[in-house]
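Scroll down for the structure; my scribbles are underneath it.
The values are calculated or read from the model by the stated rules, or taken from the named source; none is laboratory data. Keep in mind it's a predicted model, so treat the numbers as computed, not measured. Note that each Cβ is placed from the backbone with ideal geometry, even for glycine, and that neighbours are counted across all protein chains shown.
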Amino acid sequence: MITAPDLSRGGTRGGRWATAACWLAAAPVAAWALVRLAGLESGPLVLAIAFTPYVAALAPVVAVSALALRRRAPAVVAALAALSLIGAVAPRAVPDARPPADGPTLRLLTANLRLGSADPAGLVDLARVRRVDVLTVQELTPALAAELDRLGLATLLPYRSLSPEVGSTGSGVYARHPLRDTGHRRNKGFFFTQAYATVTVPGAPPLRVESAHPAAPYAVDVVPDWWTDQRAQPPATPDGGLSVLAGDFNATLDHAALRELIATGYTDAADAAGAGFGGTWGPYDGDPIPPVTIDHVLVDRRIAVRAAGTFPVPGSDHRALLAELRLPAG
């Protein structure tokens, strides 16, 4: 009796093609997991690694498909990669335990204003409706700063440390409470400014806030600028004063540079609130790019995060990020 060949095995031409296809799918997933877990991203991988959550979602499909074809070796490799990647990204959807902060509540909003083209009325309305106490902005221009004040931001958040500039390099910090030690510094990569100030919140210790904006790794030749700016971000001061870095970091939690900064004593507010998958950049101006989370509010670990969420900003390619914080008493 003549039987049909078993194409699920590697001994036939069809079986060999199936084996090759399984390995072609499993090997990149495994390599991605290695790069992500070991923090080996460089060159074009710096941009690619931002999409790790999507690879983590795809990896189990690769493992199951290989298993269905009875290709055990690539199935095991893909399964291990899937477990590693899911283990790295899944905690972003789970709220963390809060530190025992018992001081006042502070609502902090950060927004990239896209070359000053964001709708000023929409931003002022968002600050008003969400009862924002501190607003950090990136890509603030002189014209937009004037229009924001004309539309009521000067009344809502009368204290400010601003460095408005034409183009993409401006920044600012607006606050409901008085500020001191105001100023700005300029990154060496794309020369973005980072305005900063110390906020005097009644009932809490002084809080240093800085509007973060490192260079973007949009091409291989600018990746060194990205690294320069990432490494220049101010570390946390767990044995000193409270500090917050809020802005467009041009990095996700899958970038080793950002994880190293957080390890100095920060907490990512969205991650701590279980909202770490909220996209802040990508498709919001019509580009066919999946959402990625490159805007962050990094807070001193002594500060409790009560909630976090994103909101659209008409005219910008970013979504604004709002974090509700509970400060220590002081």
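Scanning the range 62-73 for residues that are surrounded by fewer than 17 Cβ atoms within 10 Å (Cβ to Cβ) and not small (Gly, Ala, Ser), we see that the one that is nearest to the chain's Cα centre (by Cα) is Val64. Only one of the listed residues (Ala197, Ala275) is over 25 Å from Ile86 (Cα atoms) and out of contact with any helix residue (DSSP H, G or I) (no Cβ under 7 Å at 6 or more places or on another chain). That residue is Ala197.
Strands (runs of 3 or more DSSP E) fully within the range 213-302 that include at least 1 residues being assigned by TED's automatic domain parsing to the domain that holds Val134 and within 20 Å of Leu45 (Cα to Cα): 242-248, 295-300.
Restricting attention to the range 77-109, which residues are closer than 30 Å to Thr19 by Cα and either of a type outside the set (A, V, I, L, M, F, W, C) or buried (at least 19 other Cβ atoms within 10 Å of the Cβ) (or both)? Residues satisfying the conditions are Val77, Ala78, Ala79, Ala81, Ala82, Ser84, Leu85, Gly87, Val89. Scanning the range 43-61 for residues that are touching a residue at least 40 places away in the same chain (Cβ under 8 Å) and surrounded by 15 or more Cβ atoms within 10 Å (Cβ to Cβ), we see that the one that is farthest from Ala219 (Cα to Cα) is Pro53.
This table checks each residue for (1) touching a residue at least 24 places away in the same chain (Cβ under 8 Å); (2) under 17 Å from the mean Cα position of the chain (by Cα); (3) over 23 Å from Asp119 (Cα atoms).
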| position | (1), (2), (3) |
| --- | --- |
| Gly241 | yes, no, yes |
| Ala273 | yes, yes, yes |
| Asp285 | yes, no, no |
| His296 | yes, yes, no |
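Val292 fulfils the conditions (1) more than 24 Å from Tyr174 (Cβ to Cβ); (2) crowded, with 24+ Cβ neighbours inside 10 Å; (3) of a type in the set (Val, Ile, Thr) except for a single criterion, (2). The single condition among (1) more than 18 Å from the chain's Cα centre (by Cα); (2) buried (at least 22 other Cβ atoms within 10 Å of the Cβ) that Ala236 does not satisfy is (1). Of the residues Ala143, Ala232, only one is free of Cβ contacts under 8 Å to residues at least 60 places away in the same chain, among the aliphatic types (A, V, I, L, M) and over 24 Å from Ile303 (Cα atoms); which? Every option except Ala143 fails the conditions. If the Cβ limit is 7 Å and pairs must be 6+ apart or interchain, which residue in the range 84-95 that is closer than 16 Å to Gly39 by Cα and assigned by TED's automatic domain parsing to the domain that holds Ala56 pairs with which residue that is of a type in the set (D, E, K, R) and modelled with pLDDT of 95 or more? Hits for this filter: Leu85/Arg36; Ala88/Arg36. Of everything in the range 303-320, what is touching a helix residue (DSSP H, G or I) at 6+ places or on another chain (Cβ under 7 Å) and outside any strand (DSSP E or B)? Give them in sequence order. Listed by number, the residues that qualify are Val313, Pro314. Taken over the range 295-314, the criterion of being farther than 26 Å from Val201 by Cα and either at pLDDT below 95 or buried (at least 18 other Cβ atoms within 10 Å of the Cβ) (or both) is satisfied by Val313 alone. No other residue among Leu24, Leu40 is modelled with pLDDT of 95 or more, closer than 20 Å to Val61 by Cα, out of contact with any Phe, Trp or Tyr (no Cβ under 6 Å at 6 or more places or on another chain) and loosely packed, with under 13 Cβ neighbours inside 10 Å apart from Leu24.
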